[in-house]
Amino acid sequence: MRDGRLALTIVLTLVFAFLYVPIGVLVALSFNEGGLPTAWSGFSFKWYAALAHNGAILQAALNTLIVALASTAVATVLGTLLALGIEMRRRKSRGLEALIFAPMIIPDIVLAIALLSMFAMLDVTMGLHTIAASHVVFNLAFVAAVVRARLKSFDWSMIEASTDLGATGFTTFRRVTLPAIAGSVVAGALIAFTLSVDEFIIAFFTAGAGRASITLPMQIYSMLRFGITPEINALATLVIAVSVVALTLSQRFNRGMVG
Amino acid sequence: MTPALGKPRLLMAPALLWLMAFLVAPCALVLANAFFLRGLYGGIEYTLTWENLVRAFDPLYAGIFLRSAEVAGLATVFALLVGYPAAYAIAMAPRRWQATILFLAVLPFWSNYLIRTYAWIVLLNREGLLTQALRWMGYTGEPPSLLYTDGAVIVGLVYNYLPFVILAVYSALSRLNPEFREASRDLGAGGFTTFRRVILPLTMPGVAAGAVFVFVLSIGNFVTPALLGGGRFQMVGNLVYDQFLTANDWPFGAALSLVLITVMMALLVAQGLVADRLAGERAVAKEAA
């Protein structure tokens, strides 16, 4: 029995090393004065300072923020309403479930070329707005999934009680339903924000020509393809930090520890 | 049931309309485009043809499909070999830690895909950390060429999609009745026999779900082969990418996507059927018991 426990600890240690060493190396390198992965030459923030003076990266970061905020806002409203609508229905429809599950599993490349084909056929000028509209597709599915999970344990008779006591539909939503699901709505929104900040392929295909609507992942991809500079380690560290913070917050909101 | 919130249909309408406009319509368009001719200067000529689909099965392209399936298949096998023991170890950990360990195991998955792939460039390149680690251990020969190989692509895919396997297998393991394990032991089975005859068969739906996810995501992937693999036409994803952004042959790109989606749908449906069937068998067994 003791041997078994030791073996399991070893397995976990190895798997966690596999998962975290590559990321840890990047984070460590971002503070390496010399910038080379081959030799440690002292601790420095200079690559972070370099980022702050890189116009292209700052523009890309701003674009990413615009896309992520816009798509998260729309997806949170649509996804929450969708979740409420589905969970209120008595009848479950397999087709509906498949349609809502599809955005989570459809390969990015397929959705990307499909959207590009449609925008091109309709002669839509592409830019940040087309990226944001496209991101809403998978974002609303994730928001709906998180909110639905919360609604499974929601006591629907509270709504009837509120109505019986004379509250209007909107008052009931504001005073009863929303407080009950608020944590999961925020959790879903944080997940949507993370997904949008990190999404590359769909943005790449629906951004249109030119540099004006380049997002951070597109900028990172072109740096990886056409010349890796030490700045990328600092950028990677910051992007990872944003995801980790957003996800940890999301987890806490979802468990109802906050708000 | 609850008119206070408005009709369910009305609540669902905005999201469903959005999915119709930005998911169903574009996918239907790609489906249709696969059956049209390529225009003289790129673009699409609206004449019906089978040509694109026939060409997708040309040995040259069929070869790329098979190669993609091989790489994706190997990635799936390795992800299962690493992910199953990891999920098992998490399921055996003290209950109050399980949620935290699971969260930490999945956390890297939520960071940027490109960055996670880039990390392997840093580790695997000729003067990368792995070479240095070898040197440090006394290796003096040529630096090994690890990057830009199929192996690098497979490692990258396993690294990126491992959390799917861990989540799927863990969820199957956590639903497992612990009494089965005790019963097997009481009947004299050793640890390995219990695993092989009781635990593994009962967690097969989780294994199947994890495997299908890794395979489906890997076979359509184009970023990992582009960054970690050698050569140009590596996998189907890269081929599709090229038809749209380089070769400008959208109908053929659409036909390739159509084949890709069909393969993936078939796998997902098969997995769904297997899961339903196993669930059914289990229900029967429970009734009999």
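Numerical summary
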read-out: Verdict on B:Thr47 being of a type in the set (Ser, Thr, Tyr) and within 30 Å of A:Thr9 (Cβ to Cβ); value: no
read-out: Contacts under 8 angstrom Cβ, first residue in the range A:237-249 being buried (at least 20 other Cβ atoms within 10 Å of the Cβ), partner not in a helix (DSSP H, G or I), 6 or more apart; value: A:Val239/B:Ser111; A:Val239/B:Asn112; A:Ile240/B:Ser111; A:Ile240/B:Asn112; A:Ser243/B:Ser111; A:Ser243/B:Asn112
read-out: Selected residue (criterion: surrounded by the fewest Cβ atoms within 10 Å (Cβ to Cβ)) from residues of the range A:1-13 that are at pLDDT below 90 and facing chain B (nearest Cβ under 9 Å); value: A:Gly4
read-out: Residue within the range A:112-123 that is facing chain B (nearest Cβ under 8 Å), assigned to a helix (DSSP H, G or I) and either of a type in the set (Val, Ile, Thr) or closer than 19 Å to A:Leu69 by Cα (or both) present; value: yes
read-out: Members of the range B:1-45 found to be small (Gly, Ala, Ser), at pLDDT below 90 and assigned to a loop (DSSP other than H, G, I, E, B), listed by number; value: B:Gly6, B:Gly39, B:Gly42, B:Gly43
read-out: Scan of the range A:17-46 for residues that are closer than 18 Å to B:Val82 by Cβ, out of contact with any Pro (no Cβ under 7 Å at 6 or more places or on another chain) and surrounded by 16 or more Cβ atoms within 10 Å (Cβ to Cβ), ordered by number; value: A:Phe18, A:Pro22
read-out: Matching residues, the range B:99-131, being among the polar types (S, T, N, Q), more than 7 Å from chain A (Cβ to nearest Cβ) and either without any contact (Cβ under 8 Å) to a residue 60 or more places away in the chain or not in a helix (DSSP H, G or I) (or both); value: B:Thr100, B:Asn125, B:Thr131
read-out: Which listed residue, of B:Ala79, B:Ala62, B:Ala93, is within 14 Å of another protein chain (Cβ to nearest Cβ), modelled with pLDDT under 95 and surrounded by 12 or more Cβ atoms within 10 Å (Cβ to Cβ); value: B:Ala93
read-out: Inter-residue pairs, beta-carbon under 7 Å, first closer than 27 Å to A:Arg174 by Cβ and in the range B:6-24, second not in a helix (DSSP H, G or I), 6+ apart; value: B:Pro8/A:Arg89
read-out: Tally, over the range A:14-71, of residues that are of a type in the set (Ser, Thr, Tyr) and within 14 Å of another protein chain (Cβ to nearest Cβ); value: 5
read-out: Of all residues making up the range A:124-145, the number that are within 11 Å of another protein chain (Cβ to nearest Cβ) and over 14 Å from the mean Cα position of the chain (by Cα); value: 2
read-out: Complete set of residues in the range A:5-35 that are under 18 Å from B:Asn112 (Cβ atoms), among the hydroxyl-bearing types (Ser, Thr, Tyr) and without any contact (Cβ under 8 Å) to a residue 12 or more places away in the chain; value: A:Tyr20
read-out: In the range A:149-160, residue farthest from A:Arg174 (Cα to Cα) [restricted to those that are part of a helix (DSSP H, G or I) and away from chain B (no Cβ under 12 Å)]; value: A:Ala149
read-out: Qualifying position, being aromatic (Phe, Trp, Tyr), at pLDDT below 90 and surrounded by 20 or more Cβ atoms within 10 Å (Cβ to Cβ), among B:Phe222, B:Phe195, B:Phe180, B:Phe215; value: B:Phe222
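This table checks each residue for (1) farther than 22 Å from A:Trp40 by Cα; (2) among the polar types (S, T, N, Q); (3) in contact with a Gly (Cβ under 8 Å, 6 or more places away or on another chain).
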site	(1), (2), (3)
B:Val106	yes, no, no
B:Phe109	yes, no, no
B:Leu134	no, no, no
B:Gly141	yes, no, no
B:Ile154	yes, no, no
B:Tyr159	yes, no, no
B:Val165	yes, no, yes
B:Val169	yes, no, yes
B:Pro178	yes, no, no
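The values are calculated or read from the model by the stated rules, or taken from the named source; none is laboratory data. Keep in mind that this is a model prediction, so the values were computed, not measured. Backbone-built Cβ (ideal geometry, glycine too); neighbour counts: all protein chains shown.
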